[in-house]
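> Questions regarding the structure given below will be posed in turn.
The values are calculated or read from the model by the stated rules, or taken from the named source; none is laboratory data. All values reported here derive from a predicted model rather than from experimental measurement. Glycine gets a Cβ as well: all are built from the backbone with ideal geometry, and neighbour counts include every protein chain shown.
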Amino acid sequence: MTTGVFDCVVVGAGLLGSAAAKYLAGELANVAIIGPTEPRDWQSHNGVFASHYDSGRVTRILDGDRSLFWARVAKASIDRYREIEKESGIKFFSSIGCLKVAPADDIGTDYIDSHMFSGQALAVDFEKLTSADLKTRFPYLCFPSDSLMLQENHTAGWIDPRKLLEAQLKLSKNAGATIIDDTVVAVSQEDDGTLRISLASDREVVAQKALVTAGAFSNFHNLLAKKLDIKIRAEAVVLAEISVETAEKLRTMPSIVWAVERGVCGGIYIVPPVQYPDGKIYIKIGSRSNQRRYFSTLEETINWFQSDAQTVTASENRRVLEEILPEVQFLSWQVKPCILTDTPSLKPYIGPVSENLFVAVGGNGYGAKSSDELGRMGAVTALGKALDSEYADYDLSPY
């Protein structure tokens with residue numbers, strides 16, 4: 001049963017999709033965004049999942065990519081955080097700062113230098129810290145005394161992805177977009193040039209254009225005639241519960257990114273105390289696993305989200321957190337599954353895959369904090385416009 005005809009449909013109601021729908025609805029009269037809400041019971045859910053099912057994610061501008069792509073899209077998004085909060089009435093950003101830490105060797109020096117390069121190029125508010133500075137500002141943190149450190153200030157901290165999504169969907173709806181709680185299972189080209197979009201509920205909608213923002217699930221179902229060159233990477237994060245009293249003692253704690261190799265993990269990141277929907281307060285830690293696991297099927301991906309995600313990397317992350325915060329008493333530990341969508345270029349795919357079908361896919365682990373700008377860029381291409389001149393030198397072509 002066909003239930004609607006739209007100028008443009010956004011396939012995927014996550015962070016990129018909700019941002020894209022907001023911008024598209026500001027330009028087109030009839031826009032829809034289609035995607036399922038977060039399942040209450042992961043174990044019984046057999047549909048798609050998303051990585052925005054979280055309450056704390058590191059955000060910052062400083063980045064080690066000297067091409068400045070990720071720093072630019074992060075800055076553009078972060079510069080709009082407060083506007084999004086004001087317009088939606090939903091708070092999602094804590095500007096507590098982000099501490100970058102690296103070992104005192106050649107690799108660590110290059111890491112810090114590259115981040116300083118991005119900061120200086122984009123006029124970011126950051127500063128170098130010494131071990132003495134660390135002890136004064138954050139006496140509860142414990143890193144090797146010869147560590148190299150940068151502190152990004154008011155533009156960094158953490159975001160609540162669930163709240164950001166809520167805000168973006170509210171703004172999309174306010175702009176006139178139709179929000180459909182369903183899953184797209186096929187997108188097909190019709191003879192009249194329109195797209196027929198089939199839903200899991202057996203409904204169908206028709207669109208003049210569509211923008212696929214389904215992340216790791218973009219190659220599943222029948223959304224694209226030709227699959228994107230992406231890898232779906234498993235990642236496990238650890239949530240360490242602390243008391244209200246401990247959270248108060250750590251109230252100045254910044255987000256942390258530690259560029260160190262520790263056994264099977266590296267690129268460690270930590271989100272300071274955040275209250276989650278269960279009412280408890282957690283510190284989150286995650287990292288890049290050096291024992292990478294990838295998925296190629298929908299079944300494998302769903303099984304990962306339904307697993308306990310207990311990995312060697314998760315165990316190492318727990319030990320690291322206990323070392324960094326040696327005086328903190330942790331009340332409980334949880335491990336949560338997550339997935340990342342990687343591309344060979346380490347940059348997203350944004351652009352057309354056919355005359356009226358477009359994609360904005362491939363966060364490479366940076367998508368959440370930069371989602372407003374990435375979604376805007378997807379909307380721009382779906383409207384048939386060129387991206388801003390600052391992105392002209394980046395190849396974001398899907399194929």
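> Name the residues in region 78-107 that are touching a helix residue (DSSP H, G or I) at 6+ places or on another chain (Cβ under 9 Å), in a helix (DSSP H, G or I) and closer than 21 Å to Ile270 by Cβ, would you?
Residues satisfying the conditions are Ile78, Tyr81.
> Right, here's the next one. Could you pull out the residue among Thr194, Thr213, Thr246 that is surrounded by 15 or more Cβ atoms within 10 Å (Cβ to Cβ), among the polar types (S, T, N, Q) and not assigned by TED's automatic domain parsing to the domain that holds Gly375?
None of the other options fit; the residue is Thr246.
> Count, please, the residues in region 151-176 that happen to be within 23 Å of Leu199 (Cβ to Cβ) and either acidic (Asp, Glu) or surrounded by 22 or more Cβ atoms within 10 Å (Cβ to Cβ) (or both). Spell out the reasoning first.
Within region 151-176, the first condition is being within 23 Å of Leu199 (Cβ to Cβ), and the residues that meet it are 165-166, 168-170, 172-173, 175-176.
Of the ones still in play, those that are also either acidic (Asp, Glu) or surrounded by 22 or more Cβ atoms within 10 Å (Cβ to Cβ) (or both) are 165-166, 168-169, 172.
Adding up the residues that qualify gives 5.
> Okay, next question. What strands (runs of 3 or more DSSP E), lying completely within region 321-399, carry at least 2 residues that are in the same structural domain as Ile283 (by TED's automatic domain parsing) and in contact (Cβ under 8 Å) with a residue 60 or more places away in the chain? I'd like the intermediate steps shown before the answer.
Details: elements: 332-342, 349-352, 357-361.
Strands (runs of 3 or more DSSP E) meeting the threshold: 332-342.
> Does region 245-262 include one or more residues that are more than 22 Å from Val58 (Cα to Cα), among the aromatic types (Phe, Trp, Tyr) and not in a loop (DSSP other than H, G, I, E, B)?
Within region 245-262 (the criterion being more than 22 Å from Val58 (Cα to Cα), among the aromatic types (Phe, Trp, Tyr) and not in a loop (DSSP other than H, G, I, E, B)), the answer is no, since none of the residues qualifies.
> Also, quick follow-up: Just the residues that are under 25 Å from Asp308 (Cα atoms) and hydrophobic (A, V, I, L, M, F, W, C), please, taken from region 220-238.
Residues satisfying the conditions are Phe220, Ile230, Ile232, Ala234, Ala236, Val237, Val238.
> Let me ask another. If you take the residues in region 216-243 that are outside any strand (DSSP E or B) and of a type in the set (Gly, Ala, Ser), which one is surrounded by the fewest Cβ atoms within 10 Å (Cβ to Cβ)?
Here the residue is Ala225.
> Oh, and also: Which condition from (1) assigned by TED's automatic domain parsing to the domain that holds Asp202; (2) in a helix (DSSP H, G or I); (3) charged (D, E, K, R); (4) surrounded by fewer than 21 Cβ atoms within 10 Å (Cβ to Cβ) is the one that Lys22 breaks?
Looking at each condition in turn, Lys22 falls short on (4).
> Another question about this same structure. Would you mind telling me which numbered condition in (1) touching a Pro at 6+ places or on another chain (Cβ under 7 Å); (2) assigned to a loop (DSSP other than H, G, I, E, B); (3) of a type outside the set (Gly, Ala, Ser) Ile61 fails?
Every condition holds for Ile61 apart from (1).
> Any chance region 123-131 includes a residue that's of a type in the set (Phe, Trp, Tyr), touching a residue at least 24 places away in the same chain (Cβ under 8 Å), part of a helix (DSSP H, G or I) and under 15 Å from Leu62 (Cα atoms)?
no
> Hey, among the residues in region 118-150 that are in contact with a strand residue (DSSP E or B) (Cβ under 7 Å, 6 or more places away or on another chain) and of a type in the set (Phe, Trp, Tyr), which one's nearest to Glu390 (Cα to Cα)?
Filtering first and then ranking leaves Phe126.
> Return the residues of region 288-320 that are assigned to a strand (DSSP E or B) and modelled with pLDDT of 90 or more; say none if nothing qualifies.
Tyr294, Phe295
> For residues that are in contact with a Pro (Cβ under 9 Å, 6 or more places away or on another chain) and charged (D, E, K, R), scanning just region 15-58, find the one that is nearest to Asn174 (Cα to Cα).
In this case the residue turns out to be Asp54.
> From the list Gly193, Gly176, pick out the single residue that is part of a loop (DSSP other than H, G, I, E, B), modelled with pLDDT under 95 and not hydroxyl-bearing (Ser, Thr, Tyr).
Matching residue, one of Gly193, Gly176: Gly193.
> Filter region 126-140 down to the residues that are hydroxyl-bearing (Ser, Thr, Tyr), within 23 Å of Ala247 (Cβ to Cβ) and surrounded by 13 or more Cβ atoms within 10 Å (Cβ to Cβ) and list them by number.
Once the filter is applied, which keeps residues that are hydroxyl-bearing (Ser, Thr, Tyr), within 23 Å of Ala247 (Cβ to Cβ) and surrounded by 13 or more Cβ atoms within 10 Å (Cβ to Cβ), region 126-140 yields only Tyr140.
> Okay, moving on. Please specify each residue of region 296-345 satisfying the condition of being among the hydroxyl-bearing types (Ser, Thr, Tyr), more than 30 Å from Leu141 (Cα to Cα) and more than 19 Å from the chain's Cα centre (by Cα).
Those that are among the hydroxyl-bearing types (Ser, Thr, Tyr), more than 30 Å from Leu141 (Cα to Cα) and more than 19 Å from the chain's Cα centre (by Cα): Ser296, Thr297, Ser307.
> Out of all the residues in region 25-56, which are within 18 Å of Val205 (Cα to Cα) and outside any loop (DSSP other than H, G, I, E, B)?
Ala25, Val31, Ala32, Ile33, Ile34
> Another one. Between a first residue in region 267-288 that is β-branched (Val, Ile, Thr) and a second residue that is outside any loop (DSSP other than H, G, I, E, B) and surrounded by fewer than 17 Cβ atoms within 10 Å (Cβ to Cβ), which pairs have beta carbons less than 6 Å apart while being 6 or more apart in sequence or on different chains?
Close Cβ pairs (under 6 Å, with a partner that is outside any loop (DSSP other than H, G, I, E, B) and surrounded by fewer than 17 Cβ atoms within 10 Å (Cβ to Cβ)) amount to Ile281/Gln275.
> Here's a follow-up. Within region 177-191, count every residue that is loosely packed, with under 15 Cβ neighbours inside 10 Å, touching a residue at least 12 places away in the same chain (Cβ under 8 Å) and farther than 24 Å from Asn46 by Cβ.
Adding up the residues that qualify gives 2.
> Still on this structure, I have one more. Taking the options Ser118, Ser131, name whichever one is among the hydroxyl-bearing types (Ser, Thr, Tyr), modelled with pLDDT of 95 or more and assigned by TED's automatic domain parsing to the domain that holds Lys249.
Only one candidate qualifies: Ser118.
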